[in-house]
Amino acid sequence: MNEQHHLNVIENTNRKQRVAEDQLAFGKEFTDHMFVMDYSTEKGWHHPRITPYEPITLDPAAMIFHYGQTVFEGLKAYRTEDDRILLFRPEKNFQRMNRSSERLSIPLLDEKLVLTYLEELLRIEKEWVPKTAGYSLYIRPFIIATEPNLSLAPSNTYQFYIILSPVGSYYREGIHPVKIFVEEEFTRAVRGGTGMAKTAGNYSAAYIAQQRATDKGYSQVLWLDGVEKKYIEEVGSMNVFFKIGEEVVTPLLNGSILEGITRLSIIELLKDWNVPVVERRVSIEEIFQAHKEGIVEEVFGTGTAAVVSPVGELTWNDEQMIINNGHTGKLSKKLYETLTAIQTGKQQDPYGWTVEIKE
Ligand SMILES: *Cc1c(COP(=O)(O)O)cnc(C)c1O
C-alpha cells in the first residue's frame, strides 16, 4: 500500500447521544464517524480518512448540484446473536458501484481496497450496530462530483464517502403483503439510459409516481418498460419475482433494471433448492392472464431494505388481482427466512456470502 492510500483516522471525541433502538426511523440517525477519500485527475483516488461525522462544505458551482454526477450504494451490517458483525456480499456492492460510475463517467474505485476501508470504519463504529433482532446498521457509500465548474463535462475532482445509519426493522408488525399500482404514465428508466446505475436522478424522477400511488392508497408502483409499456421491470425500488405454477419468473436484466444483489441471491437459492427459476421478459398482460387461469401463486419484491416484500394486490387500469388471498406465500416466507438467517448468522452460510468484521 503506497503513501497516498494510507488510511488516517481522526477520532471523534464528542460522541453523540444515541436514540433508543425502538425509536429508530430509516436513515435519520448517523454514527460518530464517516469515511472520506478524494479524487483528482493528477493524483487519482487519494487521501483516504476516517473523520468525525460532520457537514461538508462545497462550492455552490460544484458539479454534483447542477448535473447530478453522482452514484450511491446501499448495504447493511448485521449483529449476530454471539455478537459478531457480518456483511452480506459487500464486494458485489462495490463492483456494482463501479458499474454505476462507469455509466456516469466517474473514475472507478479499487473495489478490494475500499472494502478494507469500510471494514475499518465498521471496527471503529461497531457499537453502533443495533442489538435488537431485525435491526441493522445501514451503510451508504456515495461519490459526488466536486469541481466548481458549470461546463457540461465530467468533473475533474470527486469525493467518495461512506456514512452509517442504524435502522429499525422494515417489518415492525411482521412481514405482510402490500398493494401495488401498475404505473402507466411515468417511466423509471429506459434501455440505454441510467436504470442499471444507482444514481440520484433515477430516484427523484420516481417520486411523482410514488406520490400518486400513495395518494390512491397503494404502497408502491410497478414499473413497466419505457418503450412498449408492456414488460414488467421493477416494483418501487425493488426487483420483482412471480411464482407462476411451479416456476419462478423474474424480468431479464436489460439495462434499465437495477441488478439487485438480493435478486441474485434469490435466484441462486432457488437454483440450489431445485425450484425452476427463469430470467425472461414478462409482460403485465401475461401476469393478468395467468392470474385469470389461477396460476399466479406468489408475487414479491426484493432488495436490501425489505429483503423480500410480498405483494398482496396488483391494480392495472380497472383490473385488480388479489394474490394468494392477500397472504404471504410459502416460498416468499421461506426465502425471507433463509436470507435473513444467513445475513444475521442464525443459519450457517453454505454459500460464502457473509463477511465477518474481525478485530
Ligand atoms: C438498490 C435497488 C434494488 C435492490 O438492490 P439490492 O442490491 O438487492 O439491494 C432494486 N431496484 C432498484 C431500483 C434499486 O435502486
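In summary, the aspartates and glutamates within cross-link reach of K292, defined as a Cα separation below 13 angstrom excluding same-chain residues under 8 places away, comprise E319. Which distance in Å, rounded to a whole number, links the C-alpha centroids of segment 239-291 and segment 1-55? Comparing the Cα centres of segment 239-291 and segment 1-55, I get a distance of 37 Å. Return the loop-located GluC sites (Glu not before Pro) in segment 41-121 (DSSP other than H, G, I, E, B) with at most 11 other Cβ atoms within 10 Å of their own Cβ; answer none if there are none. Here the sparse-neighbourhood loop sites are E42, E81. Annotation: the antiparallel percentage among DSSP beta bridges lying fully within segment 3-167 is about 95.
Legend: translational diffusion of segment 158-281 by Stokes-Einstein, Rh = Kirkwood radius over C-alpha pairs, 25 °C, 0.890 mPa s; D = 152 µm²/s. What translational D, rounded to a whole number of µm²/s, comes out for segment 46-91 from Stokes-Einstein when the hydrodynamic radius is the Kirkwood one over Cα pairs, at 37 °C and 0.692 mPa s? For these conditions, the coefficient is 223 µm²/s. For R191, the amide hydrogen comes within under 5 Å of the amide hydrogens of G226, counting only partners 5 or more places away or on other chains and with H modelled in the peptide plane. Would you mind checking K131/K216; K229/K271; K92/K333; K16/K346; K112/K334; K333/K358 for any pair whose Cα atoms are more than 28 angstrom apart? From K131/K216; K229/K271; K92/K333; K16/K346; K112/K334; K333/K358, over 28 Å: K131/K216; K229/K271; K16/K346; K112/K334; K333/K358.
For S136, the residues whose amide H sits under 5 Å from its own are V167, ignoring neighbours fewer than 5 places away on the same chain, with H placed 1.01 Å from N.
Per-residue Karplus couplings for segment 297-309, computed as 6.51 cos²θ - 1.76 cosθ + 1.60 with θ equal to phi - 60°, are listed in order as 8, 8, 9, 8, x, 9, x, 4, 5, 9, 6, 10, 10 Hz, Gly and Pro entered as x.
Each residue of segment 320-329 is assigned a 3J(HN,Hα), and the resulting list reads 10, 10, 9, 9, 6, 6, x, 9, 5, x Hz, derived from the Karplus form 6.51 cos²θ - 1.76 cosθ + 1.60 (θ = phi - 60°), x at Gly and Pro.
For segment 276-290, backbone phi angles converted through the Karplus equation (6.51, -1.76, 1.60; θ = phi - 60°) give residue-by-residue couplings of x, 9, 10, 9, 7, 5, 9, 8, 5, 4, 4, 5, 5, 5, 4 Hz, Gly and Pro being listed as x.
Think of segment 243-359 as having a plus end and a minus end, set by charges on the Cβ of Lys, Arg, Asp and Glu; of A290, L264, P350, P350 sits farthest toward the positive end of this dipole. If you look at the Cα atoms of segment 3-167, you get an Rg and a Dmax of 16.3, 53 Å.
Its Cα gyration tensor gives the chain an equivalent ellipsoid; the semi-axes, largest first and in whole Å, are 35, 25, 18.
Read the figures in this text as sums done on the coordinates, not as results from a lab. This one's a predicted model, so the numbers in the text were calculated from it and none came from an experiment. No Cβ is skipped: glycine too gets one built from the backbone with ideal geometry, and neighbour counts run over all protein chains shown.
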